[in-house]
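Data first, discussion second: the structure below is written as structure tokens.
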Amino acid sequence: MKFLVTGGAGFIGGNFIHYMVENYPKDQFVNLDLLTYAGNLETIQSLEEKKNYRFVRGDIADRQFIMNLFEEEQFDVVVNFAAESHVDRSVIDPSIFIKTNVLGTQVLLDAAKQYQVKRYHQVSTDEVYGDLPLDRTDLFFTEETPIHTSSPYSASKAGADLLVLSYYRTFQLPVTISRCSNNYGPYQFPEKLIPLMMIRALSDEKLPVYGNGLNVRDWLYVMDHCKAIDLILRKGRVGEIYNIGGHNERTNLEVVKTILKTLEKPESLIQYVTDRPGHDLRYAIDPKKIERELDWKPEVSFETGIQQTIQWYLSHRSWWEHIISGEYQTYVKQMYKERLS
Ligand code: NAD
Ligand code: DAU
């Protein structure tokens with residue numbers, strides 16, 4: 001089987017491609033990534049010597065380029081991770097989110113249809129369901145929960161999901177969609193909560209907690225997400241959506257305090273700052289469908305996973321030090337200067 005994995009120089013795509021290249025030596029993997037600010041060749045450097053792996057730099061929204069690549073490679077399976085993925089950036093500039101997440105997905109779908117791939121898998125997010133109230137802990141997102149987006153990011157991901165489903169219904173393209181909760185683990189870009197707080201705490205910088213810090217996210221260790229996608233590709237039913245989550249709900253404050261405690265840093269580093277506009281209150285996945293149909297279960301608890309993740313960042317300083325020494329500083333100033341002054 002020949003796989004096209006898009007966005008494989010990013011956080012989840014990078015972990016996924018390491019997992020797949022290692023575990024399926026007889027399959028071929030092409031990693032297509034534009035190397036935006038979020039893509040990092042250091043994440044996938046060790047794969048370069050593998051015989052069943054090739055990296056290609058390119059844009060999923062570039063129709064001619066994508067059609068040529070499909071013609072050349074004749075893929076069996078497409079797994080689309082490539083996206084603009086950060087909610088705060090979508091508040092500042094939604095346009096690139098529409099281009100990459102919606103138009104890019106459409107280009108991939110057209111190519112998958114024209115070249116008759118056996119499976120097109122769309123990596124989506126629980127954010128398409130909007131949020132749940134904080135005081136209704138009995139409520140969870142199921143695959144039937146209506147789409148009800150809050151940010152330009154989640155709206156663009158929902159738009160992409162609807163396109164994917166339309167190509168199934170109208171053209172019988174064999175698609176699947178997964179909607180996962182918040183991931184954490186190695187290689188996550190330090191704009192996201194966990195690596196951002198960890199790296200700032202290490203240099204005793206203030207930790208900008210939005211609002212009152214009581215918003216809830218449902219955390220999943222990244223490799224549990226990767227294994228779930230692998231199962232969906234091999235055993236999932238075409239035309240279906242699968243939610244992925246491990247019932248690891250934590251308030252942002254709990255997460256930040258865990259990081260501080262592990263790093264032996266004081267809670268006085270926490271600074272409550274202006275809230276994210278449209279900030280979703282609570283995410284919580286009901287994973288019964290994937291557990292029942294595909295026998296998937298998360299293997300890593302939050303307690304174990306967060307410690308492993310902190311240790312990974314401590315022992316891979318050069319990976320994130322390269323990132324924070326560049327353009328990243330401009331982003332941090334733009335996002336946090338007023339909030340922290
Ligand atoms: P990321 O931002 O770390 O990585 C995205 C990757 O896509 C980068 O390598 C980037 O260079 C690449 N990319 C961006 N635009 C591209 C384009 N036009 N053409 C080709 N490549 C392009 O993102 P992530 O956190 O790894 O998320 C991956 C996917 O998983 C996204 O689709 C996201 O919506 C989804 N998701 C993320 C989470 C999470 O917690 N991070 C949870 C659920 C779903
Ligand atoms: O639920 C899945 C989604 O999880 C994915 O689709 C997104 O791609 C991914 O970025 C993530 O979205 P969130 O907005 O939940 O993640 P983020 O790490 O940006 O924020 C997590 C929580 O922490 C959120 O409630 C906002 C809060 N936060 C975040 C940052 C960056 C802060 O309080 N301060 C911060 O500086």
Trp296: out of contact with any Cys (no Cβ under 7 Å at 6 or more places or on another chain) and assigned to a loop (DSSP other than H, G, I, E, B), yes or no?
yes
Determine if segment 161-174 includes at least one residue that is within 9 Å of ligand 1 (Cβ to nearest atom) and at positive phi.
no
With the condition kept exactly as written, say whether any residue in segment 116-130 is within 16 Å of ligand 2 (Cβ to nearest atom) and either at pLDDT below 95 or of a type in the set (A, V, I, L, M) (or both).
yes
Do we have any residue at all in segment 153-165 that's more than 14 Å from ligand 2 (Cβ to nearest atom), more than 15 Å from the chain's Cα centre (by Cα) and open to solvent by less than 10 Å² (accessible area, probe 1.4 Å)?
yes
If you scan segment 16-35, which residues turn out to be out of contact with any Lys or Arg (no Cβ under 7 Å at 6 or more places or on another chain) and assigned to a helix (DSSP H, G or I)?
Phe16, Ile17, His18, Tyr19, Met20, Glu22, Asn23
For segment 16-27, check the following and say yes or no: at least one residue is under 18 Å from Ala228 (Cα atoms) and within 16 Å of ligand 2 (Cβ to nearest atom).
yes
Among the residues of segment 226-250 satisfying the criterion of being open to solvent by 30 Å² or more (accessible area, probe 1.4 Å) and of a type outside the set (A, V, I, L, M, F, W, C), which is farthest from Val78 (Cα to Cα)?
Arg250
For segment 299-341: of the residues being small (Gly, Ala, Ser) and in a helix (DSSP H, G or I), which is farthest from Ile244 (Cα to Cα)?
Ser318
Given the conditions (1) open to solvent by 70 Å² or more (accessible area, probe 1.4 Å); (2) more than 16 Å from ligand 1 (Cβ to nearest atom); (3) under 29 Å from Ser178 (Cβ atoms), every one holds for Thr274 apart from (3)
Out of the residues in segment 168-185 that are more than 9 Å from ligand 2 (Cβ to nearest atom) and open to solvent by less than 20 Å² (accessible area, probe 1.4 Å), state the one that is nearest to Val216 (Cα to Cα).
Gly185
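The values are calculated or read from the model by the stated rules, or taken from the named source; none is laboratory data. As the structure is a computational prediction, the values presented were derived from the model and not from experiment. As a convention, Cβ positions derive from the backbone with ideal geometry for all residues, glycine included, and neighbour counts pool all protein chains shown. Surface accessibility is based on the protein's heavy atoms, side chains included, excluding ligands, DNA and RNA. Shrake-Rupley method; radii C 1.70, N 1.55, O 1.52, S 1.80 Å.
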